[in-house]
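A.B. asks: Questions regarding the structure given below will be posed in turn.
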Amino acid sequence: MAGNNEQNSRVARRKSQPKPPKKHWFRRIILSLATLFVIGVLAGLALFFYYAQTAPTVKQSDLVNTGTAKIYDQNDKYLTSLGTNDHEYVKSSNIPSTLKNAVVSIEDRRFYKHKGVDYYRILGAAVGNLKGSSLGMQGGSTLTMQLVKLAVFSTSTSDRNLKVKAQEAWIALNLEKHYSKSQILEFYINKVYMGNGIYGMGTAAKYYYGKSLRDLSLSQLALLAGMPQSPTYYDPTTYPSYATSRRNLVLEAMYDNKVISKSQETAAEKVSVKTGLTSSGRSSLAKHEKTNKILDAYLNEVRQDLLKKGYNLTDGEKVYTNIDMDAQKRLYDIANTSQYVNYPNNGKQTFQLGVSVVDSYTGKVSAMIGGRKTGNVTYGTNRAVWTSRSNASTMKPILDYGPAIEYLNWPTYKSLSDTKYKYPGTNISVHDFDNNYLGNMTMREALVQSRNIPAIRALQAVGKSRAKTFANNLGMNLKTVNYANGIGAGVSTLQVAGAYAAFANGGVYHKPYYIRKVTTSDGVTTSYTSTGKHAMKKSTAYMITDMLKGVINSSTGTATTAKISGVYQAGKTGTDNYASQYKNKVPSDAVVDSWMAGYTKNYSVAVWTGYDKSTEAGGYLDTSNEKISQQIYRAMMNYLQQYSPNSDWTKPSSVGTTKKNGIEELYVVGHLFSSSEASSGTASSASSSSTTTGSSSTSTEASSRSSESSSSSSEAASSSSSAESSSSESSSESSSSSEASSSSEASSEATSSETPTADTNNTTEGQ
């Protein structure tokens, strides 16, 4: 009995003992997530303030759009603006409340409630960003933040990131502390882009309706309020259906925001978006567009240059350029009329060109044109700055003969062999157009007749490294050089004109530039210039110039079409022939494109001509039009020289003269080559006492056709082969030229081999 009681007692005690608590896993998960959330928020705040510290400072002048950049010519005469019309700034008191309500309703309905940042919208944008949508970052913008974007940042995709968004928010918060809502709205309405080069809704009212904002209807104001989202597609003159949809969306937002009644919304939606449109604004635009069409290529480069310099182009900057407007008009007429040049019309493609005119003394870009018959385009293709087409034989003075004179002290009578020859280290032969070899000739004759093989021999002798240095000192920006580049590389007419200007200017190179000074809306003026640098010795510049005179004046020269009676000038032609895979698709005399570059003591002019799609139907030049580049050059240079002094170059004391085979030749004083030395490449150190004035050569060697040659090019190769992207050279090169022994550098290079770029794998030749 006692045992049973004891047992019962143990059972009772066991039942009465409390059970161990259950594990609360769910609670722990919630707490962990909450902790992670707090850490994430704190980290986000820390990152926000880190970005905020680096936010740019915004001045009132950044917020007040005083108009588009105004462009002036070389004589400080106003020409045009980078926008369409002069900007009309509208004060808040003259902005209708209807427009303010429309803008707030469609862009930022909580505008009057937040302090610059709408945290509800920011949170939604952050979620969108986490989902991988760039629109998420955009969706969080308040009107204040949009104003900051317009004033400081940009609407490009690159500025849609967390850092920029954080800085926008920080600046917006600060703006709201210093400016009223009314002021911020005023800044925004006057700063937004409204299409057709127009900034500000007040300017848009004058352009589209010929009225001020106060005189516009609800329908018209609603349209203006909605246009900034996509100014091109909401243009009522061009896309009325899109414009109607956007206007109606704004009206609906205004009704939802309780700033208009339903009857007002319905009545405004029934009004055609074309109601009230006027042509007065567009007629002024027509005059504006005519001027801008003439200036298009130049304006495009000025615009890009301003952006690089940090100007936003919407603050009424006064931009004083180097453009000679009379010369620009003449260049435009040369390109677009038949008054000066008869252009071909094959009915398949438009014959095209690119021309750059540079002041020889200063590097100022005086005129530029990027194409002909371009239609009504703004900032169209500028072929004057193309680097996708080889400059052909216009490269020979820059990469071959100039360095040979500069570094090896070659005289103009240096003997070079025009005999069978292969690119060093390859089995690829170098040819001229006639597939003939003229034997030994002087450097002067080789350059005047533009023979390829002597040019490459010269490059081999001087060495690619020094040749590249010489060329880059003239603005070529070559990253690599192979031997084929001696007869052409991917450089622009602007680069060639700048380089040739250095030959004209005694060896002093000025980087071509467009802008002389800029005055901002707050009166600060910044001046710009191109500081000259000695790119070569005076002797080199003079001797190259003397030889290039013969290219124009000699009976065997390749640029006789460019001759202007009585004008002292020098120049070089260049043509690119088709690669072998295209030769059977074009006539035997067809070439890809044609160049002419020349200069006086006053101006340097470089011309490219050809077709945009050279491998498609009608894309080739033939003997009837390959000299058009020379005609363009002659017409332009003839105009320029009418208003410029015509004087010959003065031979520097470092250049001596000597008679060779009845021709007056030049040499670097202290390096008078004998006949045998001129052939071998060694030089005497004896100084010359000759003081005879240098003159251009008239070569006695006859030629059935001027035999200029250039590197081969195909459309596929040309479009991708600029100097910056030339194919890399392999490590082993073998030299077979005796001239290479005259340079230690060339001798060291003789142990390597190279593979020419695609445009040189086919031996071609040109005019």
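The values are calculated or read from the model by the stated rules, or taken from the named source; none is laboratory data. Not measured: the values here are computed from a predicted model. Here the Cβ is made from the backbone with ideal geometry for all residues, glycine too, and neighbour counts use every protein chain on show.
A.B. asks: Can you tell me how many residues in the range 657-679 are buried (at least 19 other Cβ atoms within 10 Å of the Cβ) and modelled with pLDDT under 85?
C.D. replies: 1
A.B. asks: Confirm whether Lys348 is touching a strand residue (DSSP E or B) at 6+ places or on another chain (Cβ under 7 Å) and either crowded, with 24+ Cβ neighbours inside 10 Å or modelled with pLDDT under 95 (or both). Don't jump to the end; show me each part of the working.
C.D. replies: Values: touching a strand residue (DSSP E or B) at 6+ places or on another chain (Cβ under 7 Å): no; either crowded, with 24+ Cβ neighbours inside 10 Å or modelled with pLDDT under 95 (or both): yes.
Criteria not met by Lys348.
A.B. asks: List the helices (runs of 4 or more DSSP H) inside the range 359-476, counting only whole elements, that have at least 2 residues being more than 32 Å from the chain's Cα centre (by Cα). Before you say what the answer is, go through the steps one by one.
C.D. replies: Numbers: elements: 402-408, 443-448, 452-462, 464-472.
Once the helices (runs of 4 or more DSSP H) in the range 359-476 are filtered for at least 2 residues that are more than 32 Å from the chain's Cα centre (by Cα), what remains is 402-408, 443-448, 452-462.
A.B. asks: Condition (residue is surrounded by fewer than 20 Cβ atoms within 10 Å (Cβ to Cβ), outside the structural domain of Ala205 (by TED's automatic domain parsing), over 27 Å from Leu640 (Cβ atoms) and in contact (Cβ under 8 Å) with a residue 24 or more places away in the chain) applied to the range 237-250: is it met by at least one residue? Walk me through how you get there before you give the answer.
C.D. replies: Within the range 237-250, the first condition is being surrounded by fewer than 20 Cβ atoms within 10 Å (Cβ to Cβ), and the residues that meet it are 237-242, 244-245, 248-249.
In the following step, the residues that additionally are outside the structural domain of Ala205 (by TED's automatic domain parsing) were identified as none.
Looking for residues that are surrounded by fewer than 20 Cβ atoms within 10 Å (Cβ to Cβ), outside the structural domain of Ala205 (by TED's automatic domain parsing), over 27 Å from Leu640 (Cβ atoms) and in contact (Cβ under 8 Å) with a residue 24 or more places away in the chain, one finds none in the range 237-250, hence no.
A.B. asks: Please work out which one of (1) within 30 Å of Val655 (Cα to Cα); (2) at pLDDT below 95 is the condition Asn577 fails and give its number.
C.D. replies: (1)
A.B. asks: Would you mind stating whether Gly363 is crowded, with 21+ Cβ neighbours inside 10 Å and either on the phi > 0 side of the Ramachandran plot or in the same structural domain as Gln631 (by TED's automatic domain parsing) (or both)?
C.D. replies: Working: crowded, with 21+ Cβ neighbours inside 10 Å: yes; either on the phi > 0 side of the Ramachandran plot or in the same structural domain as Gln631 (by TED's automatic domain parsing) (or both): yes.
In short, yes.
A.B. asks: Can you pull out every residue in the range 541-595 that is touching a helix residue (DSSP H, G or I) at 6+ places or on another chain (Cβ under 6 Å) and aliphatic (A, V, I, L, M)?
C.D. replies: Once the filter is applied, which keeps residues that are touching a helix residue (DSSP H, G or I) at 6+ places or on another chain (Cβ under 6 Å) and aliphatic (A, V, I, L, M), the range 541-595 yields Ala541, Met543, Ile544, Met547, Val551, Ile552, Ala559, Ala562, Ile564, Val567, Ala570.
A.B. asks: So in the range 256-289, with the set limited to residues that are small (Gly, Ala, Ser), modelled with pLDDT of 80 or more and in a helix (DSSP H, G or I), which one is nearest to Val377 (Cα to Cα)?
C.D. replies: Out of the qualifying residues, it is Ala268.
A.B. asks: When you look at Thr337, is it in contact with a Lys or Arg (Cβ under 6 Å, 6 or more places away or on another chain), surrounded by fewer than 22 Cβ atoms within 10 Å (Cβ to Cβ) and more than 30 Å from Tyr89 (Cβ to Cβ), yes or no?
C.D. replies: Details: in contact with a Lys or Arg (Cβ under 6 Å, 6 or more places away or on another chain): no; surrounded by fewer than 22 Cβ atoms within 10 Å (Cβ to Cβ): yes; more than 30 Å from Tyr89 (Cβ to Cβ): yes.
The answer is no for Thr337.
A.B. asks: Just wondering, is there one or more residues in the range 329-352 that are closer than 22 Å to Ile71 by Cα and either under 17 Å from the mean Cα position of the chain (by Cα) or in a loop (DSSP other than H, G, I, E, B) (or both)? I'd like the intermediate steps shown before the answer.
C.D. replies: Initial filter on the range 329-352 (closer than 22 Å to Ile71 by Cα): 329-333.
Among the residues that remain, those that are also either under 17 Å from the mean Cα position of the chain (by Cα) or in a loop (DSSP other than H, G, I, E, B) (or both) are: none.
No, the range 329-352 contains no residue that is closer than 22 Å to Ile71 by Cα and either under 17 Å from the mean Cα position of the chain (by Cα) or in a loop (DSSP other than H, G, I, E, B) (or both).
A.B. asks: Still on this structure, I have one more. Of the residues that sit in the range 94-122 and are among the charged types (D, E, K, R) and surrounded by 19 or more Cβ atoms within 10 Å (Cβ to Cβ), which one is farthest from Thr142 (Cα to Cα)?
C.D. replies: Restricting attention to the range 94-122, the residues satisfying the condition of being among the charged types (D, E, K, R) are 100, 107-110, 113, 115, 118, 121.
Remaining after also requiring surrounded by 19 or more Cβ atoms within 10 Å (Cβ to Cβ): 100, 107-108, 118.
Working: Lys100: 14, Glu107: 7, Asp108: 6, Asp118: 7 Å.
Looking at the filtered set, the residue picked out is Lys100.
A.B. asks: Going by the structure shown, is Tyr320 among the aromatic types (Phe, Trp, Tyr) and either more than 30 Å from Ser105 (Cβ to Cβ) or within 34 Å of the chain's Cα centre (by Cα) (or both)? I'd like the intermediate steps shown before the answer.
C.D. replies: Numbers: among the aromatic types (Phe, Trp, Tyr): yes; either more than 30 Å from Ser105 (Cβ to Cβ) or within 34 Å of the chain's Cα centre (by Cα) (or both): yes.
Criteria met by Tyr320.
A.B. asks: Go through (1) outside any helix (DSSP H, G or I); (2) under 30 Å from Ser388 (Cα atoms) for Gln304 and report which single condition fails.
C.D. replies: Condition (1) is where Gln304 drops out.
A.B. asks: Out of the residues in the range 148-198 that are aromatic (Phe, Trp, Tyr) and assigned to a loop (DSSP other than H, G, I, E, B), which is modelled with the highest pLDDT?
C.D. replies: Tyr179
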